[in-house]
Amino acid sequence: MTTFEDPPASARSTALTRTRLRWFIACGLLFGLLGGGLAYGLTPLLPTTYTAQSQIVVRDPGDIDLFGGRGSSNITPISLAAAQILRSPEVSIEASDVLRGELTSGEVGDRLTITTEPNSPVVTVDATAPTAEEAKDLANAVTTAYLRVEEDSYASGADRAAQVLGELLDSQRARLDEVQAALAAKVNAVRAVVPLFINPVDSANYLQATLETDVEYLRLSNEATALAESVNGTEDTIRQSDVNYRLLQSGVDRIIRAELPTTTTSPSLEKNVAGGVLAGVLLGVAFAWWATERRRAIDPAAAAGALGAPLLGSFGPDRRLRRFPRLADFAADSATGNELKVLTSSLLLSARRRESGAVVITSAHRGEGKSALACNIAAAGEYTGHAVALVDAATGASTVTEVVGLSSSPGLSEVLDGGPLANSIQVLSYGEGRTLSVMPVGRDGWRQEPGRRLNADRRAAWLSAFDGHGALTAIVDAPPVNDHPLALQLAQGGILVVVISPLTNLTDLEMIRNRAEVADVRIVGFIVNEFRPGRRLPLRRLTRHGAYHGELTQLPESEKQTLAG
């Protein structure tokens with residue numbers, strides 16, 4: 001059997017790596033440029049936003065006496081508390097009122113960004129809006145709303161403190177009055193029993209000495225002194241509370257008002273272009289990986305081990321095989337044409353030696369280029385002087401029956417039902433005076449599928465038509481083994497050739513091998529097909545591309561008699 005020389009594994013791996021690297025670089029650059037250009041073009045169409053910034057400088061309460069006490073000197077908790085209040089719904093509602101309802105409280109909250117710095121008394125308010133004026137007004141409205149909310153909170157606290165302190169002062173004064181009244185009663189009682197002295201000074205000294213020895217009088221006197229001091233302290237506290245409220249209010253030391261922004265914050269052309277380029281590069285790399293991965297065939301040595309059959313040939317991404325049913329140029333000295341001719345001769349000679357009348361070409365899945373390769377193998381057989389006929393038994397849409405328009409012609413289904421072989425052979429002309437015998441799927445093959453379900457009679461009819469002793473050998477474009485059993489059924493009287501592509505994996509090949517062994521079908525080898533079949537050409541372009549003509553010609557009577565015999 002003829003084989004083809006393959007490049008060493010190291011050279012093939014190096015070439016594959018270089019190819020993938022070129023794909024990655026080219027796709028990354030191309031998609032990056034496209035992404036950057038798209039971002040550059042769309043940026044002016046995006047809605048613009050402006051950001052205005054106002055700031056609040058909070059006061060450390062430890063710097064000022066508040067009810068006679070001092071607080072912590074760490075400003076961070078104070079600024080964090082102020083930032084939390086700025087994010088509160090109360091401030092958003094108050095800011096909405098300041099703006100006279102132009103924005104709802106929810107819209108105010110969505111457009112604000114409140115930030116603080118560690119150990120800094122500055123709280124920054126960033127407000128975004130579609131226009132510069134709206135952004136400035138919103139930033140200033142938020143600081144004003146904060147002052148109002150905090151002022152109301154402090155005023156409420158001051159009122160409660162004043163009420164409590166007032167009640168305390170009233171009770172202290174009432175008790176002081178009671179104590180002073182008791183002291184006056186004591187003095188009057190002692191004065192009433194003082195003896196008569198000629199000298200008034202002696203009378204006063206007697207009164208003072210008597211009171212100083214009276215324990216109850218001394219207790220009342222001390223209590224009156226303490227109450228007087230308490231009353232003075234409470235009055236000072238009330239005055240200090242009022243001063244703190246009026247001077248400190250919300251604890252704000254300074255308000256830095258927002259200025260009118262002159263530049264937009266979004267969309268940013270530089271950021272959008274950079275993001276577009278980055279996204280394009282990532283997308284290009286992903287596309288390159290997908291494209292090269294689906295084009296990369298499995299290792300032939302691993303495929304041979306899994307399939308239990310040798311490598312017969314390999315076809316790279318040749319564009320001449322992409323446009324099915326366009327055929328390779330066998331007259332020219334091209335690598336693809338020569339390889340097809342040598343491969344076809346090997347297969348036909350092997351079939352003749354085994355007395356097999358059919359070479360069944362199949363694959364594991366659809367879309368692996370099997371139909372295009374089968375058509376080229378049949379044409380190469382005709383070119384090298386072999387009597388061959390391309391038998392269309394495939395189930396896909398890109399087959400010779402569907403592409404050339406032979407759906408209404410008799411074909412395989414009629415032969416399987418016992419019809420004459422000559423009536424099911426159609427001749428297509430291509431190239432310069434070349435012809436190819438084709439057996440389409442048949443009249444009923446696409447609708448009711450009678451030709452794809454082989455019973456005993458149909459298998460006998462198939463073996464009788466292509467028994468290996470006649471002049472004609474069938475090149476069968478069979479459906480994938482994993483889709484339909486027809487490939488194994490038609491190969492029982494012939495040989496099976498498997499086409500593998502980047503879609504094939506080792507599990508698929510092992511499954512084909514197991515099914516072929518169970519069906520007692522011989523797999524003579526496999527063909528590596530790395531090209532991706534392109535879209536089907538319309539009929540009006542077939543002649544211009546030098547492929548099949550739409551006009552069919554009947555077989556001469558002499559050839560019909562030869563086939564019938």
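The values are calculated or read from the model by the stated rules, or taken from the named source; none is laboratory data. Note that this is a predicted model, so its numbers are computed, not measured. A quick note on method: Cβ atoms are made from the backbone with ideal geometry, for glycine too, and the neighbour counts reach across all protein chains shown.
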Taking region 475-502 on its own, how many of its residues are over 28 Å from Trp289 (Cα atoms) and part of a strand (DSSP E or B)?
6
Taking the criterion of being in a loop (DSSP other than H, G, I, E, B) and either at pLDDT 85 or above or touching a Lys or Arg at 6+ places or on another chain (Cβ under 6 Å) (or both), would at least one residue in region 334-345 satisfy it?
no
Residue hits (region 90-109; part of a helix (DSSP H, G or I) and out of contact with any Phe, Trp or Tyr (no Cβ under 9 Å at 6 or more places or on another chain)) are Glu90, Ser92, Ile93, Ser96, Asp97, Val98, Ser105, Gly106, Glu107, Val108, Gly109
Do you know which of the residues in region 235-258 that are among the polar types (S, T, N, Q) and more than 56 Å from the chain's Cα centre (by Cα) is modelled with the lowest pLDDT?
Asn244
Restricting attention to region 201-234, which residues are aromatic (Phe, Trp, Tyr) and modelled with pLDDT of 80 or more?
Tyr217
Can you find a residue that is more than 24 Å from Leu227 (Cβ to Cβ) and loosely packed, with under 13 Cβ neighbours inside 10 Å anywhere in region 166-188?
no
Pairs where the first residue, in region 348-364, is under 23 Å from Pro479 (Cβ atoms) and the second is surrounded by 19 or more Cβ atoms within 10 Å (Cβ to Cβ) and of a type in the set (Phe, Trp, Tyr), C-beta under 7 Å, 6+ apart
Gly357/Phe466; Ala358/Phe466
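Does Ala422 satisfy the condition of being surrounded by fewer than 22 Cβ atoms within 10 Å (Cβ to Cβ) and within 19 Å of His386 (Cβ to Cβ)?
yes
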Quick test of your reading of the structure: Glu270 fulfils all but one of (1) part of a strand (DSSP E or B); (2) at pLDDT 80 or above; (3) of a type outside the set (Ser, Thr, Tyr). Name the failing condition by number.
(1)
Region 503-522: number of residues that are touching a helix residue (DSSP H, G or I) at 6+ places or on another chain (Cβ under 6 Å), under 20 Å from Leu343 (Cβ atoms) and surrounded by fewer than 21 Cβ atoms within 10 Å (Cβ to Cβ)
0
State whether one or more residues within region 423-445 are assigned to a loop (DSSP other than H, G, I, E, B), modelled with pLDDT of 85 or more and under 11 Å from Ile475 (Cα atoms).
no
Note on Ser345: of the conditions (1) under 45 Å from the mean Cα position of the chain (by Cα); (2) surrounded by fewer than 22 Cβ atoms within 10 Å (Cβ to Cβ), unmet is (1)
Pick from Arg148, Arg160, Arg219: which is touching a residue at least 12 places away in the same chain (Cβ under 8 Å) and of a type in the set (D, E, K, R)?
Arg148
Would you confirm whether or not region 187-200 contains a residue that is in contact with a helix residue (DSSP H, G or I) (Cβ under 6 Å, 6 or more places away or on another chain), closer than 30 Å to Thr234 by Cβ and modelled with pLDDT of 80 or more?
no
Ser407: assigned to a helix (DSSP H, G or I) and either within 22 Å of Pro480 (Cβ to Cβ) or not hydroxyl-bearing (Ser, Thr, Tyr) (or both), yes or no?
no
Please find, among Thr292, Thr264, the residue that is at pLDDT below 80 and part of a loop (DSSP other than H, G, I, E, B).
Thr264
In this structure, does Glu133 turn out to be over 21 Å from Tyr50 (Cβ atoms) and acidic (Asp, Glu)?
no
